[in-house]
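Notes to accompany the following structure.
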Amino acid sequence: MPKLNAKNLPLALVPLVPMAEKWGIGDDYDREAAVSNASVVELEALIHCIDGISDDDLYGWLERCQKTPDHHTEEYAAITCLTMAIDSAKVELRKFRGK
């Protein structure tokens, strides 16, 4: 994953850059493999990386970018894939916990 440019993100999403660089893997198979090989600590950190960010800041921004093709930046793709990794991590963590 290339280094992301925080200047292409709203200020509220800048703290996600390190996680998006690690987990914002564009290939579905590779992203799922990374999540399935993650430790419980890594999964919890991934899941909770968006806790301090409002839905409007995160999902609102993604939605606005989706409607404007010239906003389909590397950062947009990485944050989108990060949200997919978070969803997968929730499932994986339930497996660890036997739920």
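What follows is calculated from the coordinates using simple rules that are stated; it is not laboratory data. A quick note: this is a predicted structure, and the numbers were derived from the prediction, not measured. Quick reminder, even Gly has a Cβ in these numbers, built from the backbone with ideal geometry, and neighbours come from all protein chains shown.
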Subject >> Helix-only mean residue ellipticity at 222 nm for the chain, each DSSP H run of n ≥ 4 adding -39500 (n - 2.57), per residue, nearest 500 >> reply: -17000 deg cm²/dmol
Subject >> Lysine pair count for the chain [Cα-Cα under 23 Å; pairs on different chains or 8 or more apart] >> reply: 6
Original post:
Which of the DSSP-defined H helices in the chain satisfy a minimum axial length of 20 Å, computed from C-alpha atoms, and a minimum mean Kyte-Doolittle hydropathy of 1.6?
Top reply: none
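Taking the chain, how much of its Cα-Cα pair set, in percent, is spaced more than 23 angstrom apart?
Working: 1116 of 4851 pairs.
Counting every Cα pair in the chain, those more than 23 Å apart make up 23 percent.
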Subject >> GNM result for the chain, Cα springs below 10 Å: residue of ALA78, ALA20, ALA38 fluctuating most strongly >> reply: ALA38
Original post:
Taking springs between alpha-carbon atoms closer than 10 angstrom, which of ASP70, ASP28, ASP56 fluctuates most in the Gaussian network model of the chain?
Top reply: ASP70
Original post:
At a Förster radius of 30 Å, what calculated FRET efficiency corresponds to the Cβ-Cβ distance of ASN37 and GLU63, to the nearest 0.05?
Top reply: 0.45
